Amino acid sequence: SWIYCRFSGLSCFVAASSLQNLVTDNVSVVEGEMAIISCRVKDNDDSVIQLLNPNRQTIYFRDMRPLKDARFQLVNFSDNELRVSLSNVSLSDEGRYVCQLYTDPPQEAYADITVLIPPGDPIIEARDEVLSEGNETEMTCTAMSSKPAAAIRWMKGDKELPGKPKVELTYDKMYTVTSRLTFTVSKEDDGLPVVCIVDHPAVKGFQALKYLEVQYKPEVKIVVEFPQGLTREGENLELTCQAKGKPQPQRVNWLKVDDDVPSHAVITGSDLYIENLNKSYNGTYRCVAANSVGESYDDYILYVYDAPTTTPIPTTATTSTTIITTTISYPEANQDSRAGEGAPRTVDHAVIGGVVAVVVFAMLCLLIVLGRYFARHKGTYFTHEAKGADDAADADTAIINAEGGHTNSDEKKEYYI
C-alpha cells in the first residue's frame with residue numbers, strides 16, 4: 001500500500017489493494033477519434049467522485065465540469081459511476097487521468113490514455129525499374145510518422161520474403177520505419193506483384209505494391225511439321241522453330257552444326273524446308289534465337305532412312321531336278337528419327353520365318369508328287385517260251401500255244417525304275 005498527501009489541502013489519499021473501492025480502465029484511442037473514461041465505485045456510501053486530467057486539473061466534479069474544454073462531455077453520472085467522453089483526441093491528450101473518491105480514507109484510480117497515430121501511406125521504391133533474369137535487385141518500403149512504430153512485411157506473389165527493418169524516432173516523438181528487401185529475380189517473376197504490408201494497431205490492410213518487369217533470353221523449341229514418322233530417302237522435311245522471350249526475338253537463324261545447310265534448303269522466317277532427302281543430309285540442324293538479354297538454341301538430329309522395300313514371292317520348279325533360289329530383303333527398322341535419337345537397323349524375323357516355311361513346304365510337296373508318280377508307272381514284263389511254238393503255222397497260233405503252256409514255262413521279270 002502507499003499514501004499520497006496533498007499538503008496544500010491537508011488531505012491524504014490512501015490506495016491499498018485490499019481496501020480499493022474505486023476502479024477504472026486504460027484506454028487506447030486513434031488520433032482524431034473519441035476516448036471514454038469511466039470511474040466506477042463498487043460500494044458507494046454517497047462519497048463524491050471526480051475526474052482529473054494529467055495536470056491534475058478537475059475535469060468533472062460529480063456532474064459538473066469546471067474545466068472549460070468542450071471536448072469533454074458527461075456520458076453518465078450515478079452513485080456508482082462517472083463516465084466522461086473526450087472527442088477529437090490528439091497526441092497532447094495522452095497521459096494519466098485520475099479518478100478520485102472522497103472516502104475515509106480517500107481513494108484514487110488511474111486511467112492511462114494512449115494515443116495511436118497511424119503511419120502515412122507506405123512508400124515503395126525499387127532500385128531497378130526493368131530487370132534481367134538472374135540479377136539481384138533491391139526494394140525499400142517506408143512507413144512514416146506513426147505511434148507506436150509500425151511493422152513491415154514483404155510478399156512476392158504468394159511467398160513471404162524477409163526484409164531488414166530500420167526504426168527512427170523523430171523530434172516529435174513519432175516513428176519512421178524503413179524496410180529493405182534484396183532478392184534475385186527469375187523469368188517466372190515477370191509480372192508478379194511485390195507487396196509491402198504495414199501492420200499497426202491503428203490500421204489494418206495497409207499496403208503498397210509494385211509489379212516486377214523481368215526480361216529473359218529466348219526459350220527455343222524445334223517442332224517437326226512433316227513427316228510425322230520416319231524420315232526416308234526421297235521424302236520432304238519441314239521444321240518450325242518456336243522462340244519466346246522478353247523482349248521477343250525479332251528473327252531466328254538456322255544452321256547445320258559442322259557443315260553447311262543443303263544448298264536447295266528453303267528457310268522462310270522460322271521454318272526450314274528440305275525436299276527429296278538423302279543420306280548426305282544427315283546431321284544436326286540448329287535453330288538460334290537472340291534478344292538483348294542473351295542467346296538460346298535448340299538442336300534437331302536428322303537421320304535419313306532407306307526408302308521402303310518389298311519382299312519378292314519365292315518360286316519353285318516342278319521338274320525332277322529343281323534349283324530353288326530365294327532372295328530375302330531385310331526391311332528397315334520402324335523407328336522415329338527425332339532429334340537426339342539414334343538410327344539402329346533391325347531385321348524382321350517374322351518375315352524371314354514365313355519365307356523359309358513356304359520354301360520348305362514347297363519342297364516337301366514336290367517330293368511327295370514325284371514319289372507317287374514313279375510308284376504308279378513301275379513296269380513288269382514276262383517272257384515265256386512254249387513248247388512247239390516253232391511248229392506253229394502263224395504268230396497267233398504260237399501265242400495261243402504259249403498261253404496254254406503258261407504254267408510250265410520259265411518266268412522272267414524285268415523292272416525299270
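A short reminder: the numbers here are calculations on the coordinates, not readings from a lab. Here the structure is a predicted model, which is why all the values come from computation and not from measurement. Cβ atoms come from the backbone with ideal geometry, glycine included; neighbour counts cover every protein chain shown.
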Using the Cβ atoms and a cut-off under 14 Å, what net charge is assigned to the surroundings of SER296, where Lys and Arg are +1 and Asp and Glu are -1? +2
Which ³J(HN,Hα) values, rounded to whole Hz and listed in residue order, are derived for the stretch 271-279 from phi using the Karplus coefficients 6.51, -1.76 and 1.60 in 6.51 cos²θ - 1.76 cosθ + 1.60 with θ = phi - 60°, glycine and proline given as x? 9, 10, 10, 10, 9, 6, 5, 9, 5
Just the number: Rg to Rh for the stretch 217-302, Cα atoms, Kirkwood Rh, two decimals. 0.99
Ordered by residue, what ³J(HN,Hα) values in Hz, to whole numbers, does the stretch 66-78 give under the Karplus form 6.51 cos²θ - 1.76 cosθ + 1.60, where θ = phi - 60° and Gly and Pro are x? x, 6, 8, 10, 5, 5, 8, 9, 6, 9, 7, 9, 8
Output ³J(HN,Hα) for the stretch 205-215: one whole-Hz value per residue in order, computed from phi by the Karplus curve 6.51 cos²θ - 1.76 cosθ + 1.60 with θ = phi - 60°, and x for Gly and Pro. x, 8, 7, 9, 9, 9, 8, 7, 10, 10, 9
List every residue whose amide H lies under 5 Å from the amide H of GLU235, counting only residues 5 or more places away in sequence or on a different chain, with H placed 1.01 Å from N in the peptide plane. LEU277
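Here is the link list: LYS159/LYS210; LYS156/LYS187; LYS166/LYS187; LYS164/LYS217; LYS210/LYS246; LYS187/LYS210. Which ones come out longer than 21 Å on Cα distance? Display every interim value, and only then the final one.
Details: LYS159/LYS210 15 Å; LYS156/LYS187 14 Å; LYS166/LYS187 30 Å; LYS164/LYS217 31 Å; LYS210/LYS246 19 Å; LYS187/LYS210 16 Å.
Beyond 21 Å: LYS166/LYS187; LYS164/LYS217.
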Highest to lowest packing among 210-220, 225-235, scored as the average C-beta count within 10 Å: 210-220, 225-235
